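Written below as structure tokens is the structure these notes are about.
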Amino acid sequence: MKLRFLGAAGEVTGSCLLVESDGVRFLVDCGMFQGGRDAAAKNRRAYAREIGPIDFVLLTHAHIDHCGLLPRFAWPRHGSGLPSIYCTKPTADLVPVMLADSAFVQSRSAARGRRGRASATETPLYTADDVRRLATRLHAVPYGVEFRPHPQVAVRLHNAGHIVGAASAEVRLADGGRRRTLVASGDLGEDSALLVRDRDPPPAADVLVVESTYGDRNHRSLQDTETELVEVLHEVLVERRGNVIVPAFALGRTQEFIVLLYRLAKAGRIRVPLVFVDSPLAQQAAEATFAHLDAVDEEAAEFHRAERARKLPFTLRYTESVEDSMFLNSIRSGAVVIAASGMCDAGRVRHHLRHNLPRRECAVLFTGFQAAGTLGRRIVDGARSVPLFGDQVAVNASVHTLGGLSAHAGQDSLMQWLRAAPRKPRKVLINHGEPLAAHTLSARLARELKWSATIAEPETEYEA
Ligand SMILES: [Zn+2]
């Protein structure tokens, strides 16, 4: 079997693994590159690239860095047919929502480009119509049930515990006349994740591809994170009488943060008068998430029931229109406003930053990784002022980073998953991590499990 990493090798975005074995060719994921200056150019190149006929696609989850370039299959290209895309039901529900948002963001950016704005990209890679066409190719399969995307191939998806519907793929295929099993971890979650059920252990594999986003470090514990959040909310909302702005990814992180607020408010540890989610995409993501209560954690399901019964310990509002969103800017105190994007490079959060950053009594609370080159990173790094909508806006609000909320397993947790493998794989490939993270995980695998792992390089073909 031959493996080629078309993305997420030496970095954490652009997941796309091309597998070829005994004449069958398929992809595991087909994601966008995100963050960093060259992401747009890389996406354009990847989208236009000729990858030859594909028999089917296995999709691990609905984050855009795993599914964002799927619309390439909306049209038969270069003589290849339209492959079927297999994923779990929650993922099949979420993908059209995420891709439609991506198409919208691209069209807006292209319109800015026509008006001569520097922040713009060229023409969109795909449109809402392409997304609708692509959506007809999605096939939902349940966790743990074997299916055959091709006569020579049998697949089972396992819960990866990352976001709702996220899966690891177990692929049994013919390889030089023998039967071999390839396991691709997809993005793995922490066992303590608040939103989704705990992940499954890995199935037995001949060839194992494992992610390494946090291969070099562990997260702060959930208890420490809770203590930190309680302190920030008390200081800002009660003592300073300001607002807390929370930049967060629409899918996963926003829902997880709200469940955390619910848990703390229910225990009487915080008093939060008003929580606003200012992101139509986050609202759609929440609907798709809680439509699959069998996939969410018990406490998250309890939150959902309380919300439905209007028995939440705080007022939770989703804003839809731009007018609603603008109204939030007139609220002077007592509000927690959660808005995308998580790294502040786009989206409504920028309006909230413009209104709240200059105010000493307010705070910005980051809940996730801030990549180099993003506005979020500049704020975290202590910039005294930042450019927003053509103005320099002073940063007088306090800035906090919540360390323990991550949809990705930390190093110990990755090791725990790998250690649970029923047998030693013949070959282990590490992807989806920056070089230091991948190397650190590889060293620990060699030391503790005596596994020798290969760190995936972009565009290199691996014989496994
Ligand atoms: Zn992900």
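The values are calculated or read from the model by the stated rules, or taken from the named source; none is laboratory data. Because the structure is a prediction, the values reported are computed rather than measured. Every residue, glycine as well, gets a Cβ built from its backbone with ideal geometry; the counts of neighbours run over all protein chains shown. For accessibility, only protein heavy atoms count, side chains too; no ligands or nucleic acids. Shrake-Rupley method; radii C 1.70, N 1.55, O 1.52, S 1.80 Å.
Annotations for the structure displayed:
- Members of the range 120-178 that are within 16 Å of the ligand (Cβ to nearest atom) and touching a helix residue (DSSP H, G or I) at 6+ places or on another chain (Cβ under 7 Å): VAL164, GLY165
- Flag set for ALA267, criterion: open to solvent by 10 Å² or more (accessible area, probe 1.4 Å), among the aliphatic types (A, V, I, L, M) and either under 17 Å from the mean Cα position of the chain (by Cα) or away from the ligand (no atom under 16 Å from the Cβ) (or both).
- Residues of the range 179-190 that turn out to be assigned to a loop (DSSP other than H, G, I, E, B) and away from the ligand (no atom under 16 Å from the Cβ), as a count: 0
- Of the criteria (1) within 16 Å of the ligand (Cβ to nearest atom); (2) open to solvent by less than 10 Å² (accessible area, probe 1.4 Å); (3) in contact with an Asp or Glu (Cβ under 8 Å, 6 or more places away or on another chain); (4) more than 16 Å from LEU94 (Cβ to Cβ), which one VAL210 fails: (3)
Condition check ((1) open to solvent by 60 Å² or more (accessible area, probe 1.4 Å); (2) assigned to a helix (DSSP H, G or I); (3) more than 22 Å from ARG25 (Cβ to Cβ)) across all residues:
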{"residue": "PRO142", "(1), (2), (3)": "yes, no, yes"}
{"residue": "PRO149", "(1), (2), (3)": "no, no, no"}
{"residue": "VAL155", "(1), (2), (3)": "no, no, no"}
{"residue": "ARG172", "(1), (2), (3)": "yes, no, no"}
{"residue": "ARG199", "(1), (2), (3)": "no, no, yes"}
{"residue": "ALA205", "(1), (2), (3)": "no, no, no"}
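- Verdict on VAL232 being assigned to a helix (DSSP H, G or I), out of contact with any Lys or Arg (no Cβ under 6 Å at 6 or more places or on another chain) and not assigned by TED's automatic domain parsing to the domain that holds TYR86: yes
- Checking PRO202 against (1) within 18 Å of ASN431 (Cα to Cα); (2) within 16 Å of the ligand (Cβ to nearest atom), the condition it does not meet: (2)
- Flag if ARG45 is open to solvent by 10 Å² or more (accessible area, probe 1.4 Å), modelled with pLDDT under 95 and out of contact with any Leu (no Cβ under 9 Å at 6 or more places or on another chain): yes
- Of all the residues in the range 223-234, those that are touching a residue at least 24 places away in the same chain (Cβ under 8 Å) and surrounded by fewer than 16 Cβ atoms within 10 Å (Cβ to Cβ) number 3.
- Number of positions in the range 356-399 that are aliphatic (A, V, I, L, M) and in contact with a helix residue (DSSP H, G or I) (Cβ under 7 Å, 6 or more places away or on another chain): 10
- Selection count, the range 22-81, where residues are touching a Phe, Trp or Tyr at 6+ places or on another chain (Cβ under 9 Å) and among the β-branched types (Val, Ile, Thr): 3
- Selection from the range 273-324 of residues that are outside any helix (DSSP H, G or I), under 14 Å from LEU251 (Cβ atoms) and free of Cβ contacts under 8 Å to residues at least 24 places away in the same chain: none
- Cross-chain or 6+ apart pairs with Cβ under 8 Å, the range 325-343 first and open to solvent by less than 30 Å² (accessible area, probe 1.4 Å), then of a type in the set (Ser, Thr, Tyr): SER325/THR319; LEU328/THR319; ILE338/THR254; ILE338/SER279; ALA339/SER279; ALA340/THR254; ALA340/SER279; GLY342/THR367
- Taking the range 374-464 and the helices (runs of 4 or more DSSP H) fully enclosed by it, the elements with 1 or more residues that are touching a Cys at 6+ places or on another chain (Cβ under 6 Å) and open to solvent by less than 70 Å² (accessible area, probe 1.4 Å) are at 375-380.
- Matching residues, the range 235-252, being open to solvent by less than 10 Å² (accessible area, probe 1.4 Å) and outside any loop (DSSP other than H, G, I, E, B): VAL236, VAL244, ILE245, VAL246, PRO247
- The condition (being open to solvent by less than 10 Å² (accessible area, probe 1.4 Å) and more than 16 Å from the ligand (Cβ to nearest atom)) is satisfied by just one residue among PHE56, PHE73: PHE56.
- Of all residue pairs spaced 6 or more apart or on separate chains, those with beta-carbon atoms under 9 Å, a first member in the range 360-376 that is under 21 Å from GLN392 (Cβ atoms) and a second member that is part of a loop (DSSP other than H, G, I, E, B) and hydroxyl-bearing (Ser, Thr, Tyr) are GLU361/SER333; CYS362/SER333; THR374/SER341; GLY376/SER341.
- Test result for CYS87, touching a residue at least 24 places away in the same chain (Cβ under 8 Å), open to solvent by less than 20 Å² (accessible area, probe 1.4 Å), within 22 Å of ALA282 (Cα to Cα) and over 15 Å from the mean Cα position of the chain (by Cα): yes
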